[in-house]
Amino acid sequence: MLINLSELFSCQGKVKTYTQELEMEQFPGPAGLYTIEKREPVILEITHIKERKISVSGEARLTLLMPCDRCLEPVKVPFVLPIQEELDMGQSEEERVEALDEQPYISGYNLDTDQLVRNELMLNLPMKVLCKEDCKGICGQCGKNLNQGSCSCEEQPKDPRMAVIQDIFKRFKEV
Ligand SMILES: [Zn+2]
Ligand SMILES: [Zn+2]
C-alpha cells in the first residue's frame, strides 16, 4: 500500500502513525518466488525531522514458505523485521538508490510499504533453510525424499578411495 507523505510536511516535527496492509502475496527471492504464508499489518511511525528529511520506524511480521535446502519441501520461516530508516526527500531517486543500495520505495510523495518490506526481507533472508536439523534430503539418483523412507538405490560412491573403504567394510561383514 502507498502512504502519501505530503500532509506530513505541513509542519516540522510532525509524527504520524500508519497501519498498512501488505499487498504482496509472493516475495521474489534470489532462488525463486516464495509464497507469503502469513502477514500482519505493518505499523509505521513516520516523523518529519526537518525540511525534506523524514524518519520511518516500525516493524513488519510475516511468514514465508521457503524450500528446504536438502529436500525442497516448503518450510515456514517467520520473520520479525525492524524498520528504521532516515530519508532525504530532497534527493533524487537515483541518489537515494545509490546511497541506500536498494530498490526505491519512495516515488514523489508516496512511500511504498510493500517495497520497503521487500528491501528489509532481502537483507534478512537466512543463509540456510532446513525443514529439520537432521533432514535426510533427497536421493541423488531417484529423487525420493529420504525423510519418508529409504529408497532401493545402491549407494555408489564417486570417489574410488571411498569404494576401497566400502569393500573393506563388506569384507568385515562377510567374516
Ligand atoms: Zn528437508
Ligand atoms: Zn534412490
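The values are calculated or read from the model by the stated rules, or taken from the named source; none is laboratory data. What you see is a predicted model, and the numbers here were worked out from it, not measured in a lab. As a convention, Cβ positions derive from the backbone with ideal geometry for all residues, glycine included, and neighbour counts pool all protein chains shown.
Go through segment 58-76 and give me each residue that's within 16 Å of ligand 2 (Cβ to nearest atom) and surrounded by fewer than 19 Cβ atoms within 10 Å (Cβ to Cβ).
Scanning segment 58-76 gives a single hit, Leu72.
Examine segment 75-89 for a residue that is modelled with pLDDT of 95 or more, within 30 Å of Asp134 (Cβ to Cβ) and charged (D, E, K, R), and state whether such a residue exists.
Checked segment 75-89: at least one residue is modelled with pLDDT of 95 or more, within 30 Å of Asp134 (Cβ to Cβ) and charged (D, E, K, R).
Applying the selection to segment 99-149, what residues are more than 21 Å from the chain's Cα centre (by Cα), assigned to a helix (DSSP H, G or I) and without any contact (Cβ under 8 Å) to a residue 24 or more places away in the chain?
Ala99, Gln148
Results for (1) farther than 15 Å from Lys128 by Cα; (2) of a type in the set (Val, Ile, Thr), shown as yes or no for each residue.
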residue	(1), (2)
Leu2	yes, no
Cys11	yes, no
Thr19	yes, yes
Ala31	no, no
Glu37	yes, no
Glu40	yes, no
Ile46	yes, yes
Gly58	yes, no
Arg61	yes, no
